[in-house]
Amino acid sequence: EGTEPIKNVLRRYPEVQDVIVLIGPEGGFSLTETELARKQGFHVVSLGPNILRTETAALASLSMIGYELFSSR
């Protein structure tokens, strides 16, 4: 909740060189975990309206990151 699409964040930082992805457990991160991540500089993003399994979320994340960061180069 309260997240923006991953593509928006990636497009805002086109010069990014490294990406770290945190994939939450079934049911998502707690509010405390989310706030801790934000304080460490993470952006809370959405992969879309569907709830994905952990292994699917990892593949979807990598695909979206690859597309946004490398398709225009």
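Matching residues to (1) exposed (fewer than 10 other Cβ atoms within 10 Å of the Cβ); (2) in a loop (DSSP other than H, G, I, E, B):
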position	(1), (2)
Gln17	yes, yes
Pro25	yes, yes
Gly28	no, yes
Gly48	no, yes
Ser61	no, no
task: State which residue is surrounded by the fewest Cβ atoms within 10 Å (Cβ to Cβ) when the search covers only the range 36-46 and only residues that are touching a residue at least 12 places away in the same chain (Cβ under 8 Å) and more than 8 Å from the chain's Cα centre (by Cα).
output: Phe42
- prompt: Counting only residues that are surrounded by 13 or more Cβ atoms within 10 Å (Cβ to Cβ) and not in a loop (DSSP other than H, G, I, E, B), how many does the range 1-15 have?
  reply: 6
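None of the figures in this text is laboratory data; all of them are computed from the coordinates on show. Computed from a predicted model, the values in this text were never measured in an experiment. Counting neighbours? That spans all protein chains shown, and the Cβs are built from the backbone with ideal geometry, glycine included.
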